[in-house]
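What follows is one structure encoded as structure tokens, with my remarks underneath.
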Amino acid sequence: MKKAVLGGTAVATLLAALFAPEDEGSIVGPATATTRQVERVAPLPLVVATAAAQTNRALAIEPRRGLDDEEAATLFAKQSWQPETPKKIMLDQQAAQAALPAARVDANAPPPLPFQFLGRFVDEGKAAYFLQAGERNVVARPGDTLEERYRFDGVVQGALQFTYLPLNLKQTLAVGDLN
């Protein structure tokens with residue numbers, strides 16, 4: 001294998017020498033270095049840092065610093081965009097309600113309404129009211145019985161009126177403007 005490679009290289013060199021163009025007998029001499037004159041240019045003036053540049057030190061690159069223990073502990077803590085204020089108000093309200101003495105329960109008073117108003121829909125002049133009772137959504141029309149204890153009577157002066165059937169007492173749920 002080595003002999004074939006050496007033989008191929010020798011043949012290629014011989015062919016290159018035979019077919020090389022003739023230079024009319026001139027011999028190429030060694031390379032010579034040439035120099036040229038360069039114009040001297042006056043150096044640029046040195047710019048001294050101004051007061052504005054000195055005040056922008058906030059943009060300067062500073063060496064990396066390690067995290068202290070407090071920063072490292074909160075690195076993967078749960079974070080929220082919701083402000084803390086509403087959470088604190090809700091907790092304060094719950095604490096205030098727990099601190100209130102238990103009011104005497106009147107045997108003739110109905111329990112508070114379990115409904116929350118969600119919205120209203122009018123179709124062909126008939127209104128349907130969307131309510132939430134616990135986890136369930138309820139559609140109520142005037143005259144409907146809800147939760148087996150309440151009858152929806154309709155709208156009276158901007159409030160939904162219910163009748164608590166066991167005691168036959170009226171209760172209202174203020175909802176504001178229904179337009």
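The values are calculated or read from the model by the stated rules, or taken from the named source; none is laboratory data. Predicted model only: the values in this text are computed from it and were never measured. Cβ placement follows ideal geometry from the backbone for every residue including glycine, while neighbour counts extend to all protein chains displayed. These area figures cover heavy atoms from the full protein model, side chains too; ligands, DNA and RNA do not enter into them. Shrake-Rupley method; radii C 1.70, N 1.55, O 1.52, S 1.80 Å.
Given (1) under 18 Å from Leu165 (Cβ atoms); (2) open to solvent by less than 80 Å² (accessible area, probe 1.4 Å); (3) modelled with pLDDT of 90 or more, where does Ala128 come up short, assuming only one miss? Every listed condition holds for Ala128 apart from (1). Which residues, counting only those in the stretch 68-93, are at pLDDT below 75 and surrounded by 10 or more Cβ atoms within 10 Å (Cβ to Cβ)? Lys87, Lys88, Ile89, Met90, Leu91, Asp92, Gln93, listed by residue number.
Could you pull out the residue among Val47, Val105 that is at pLDDT below 70 and closer than 30 Å to Val155 by Cβ? Even if it seems obvious, please write down each step before you answer.
On the way: Val47 fails: closer than 30 Å to Val155 by Cβ.
It is Val105.
The residues in the stretch 159-174 that are open to solvent by less than 30 Å² (accessible area, probe 1.4 Å) and either free of Cβ contacts under 8 Å to residues at least 24 places away in the same chain or assigned to a loop (DSSP other than H, G, I, E, B) (or both) can be counted, and the count is 2.
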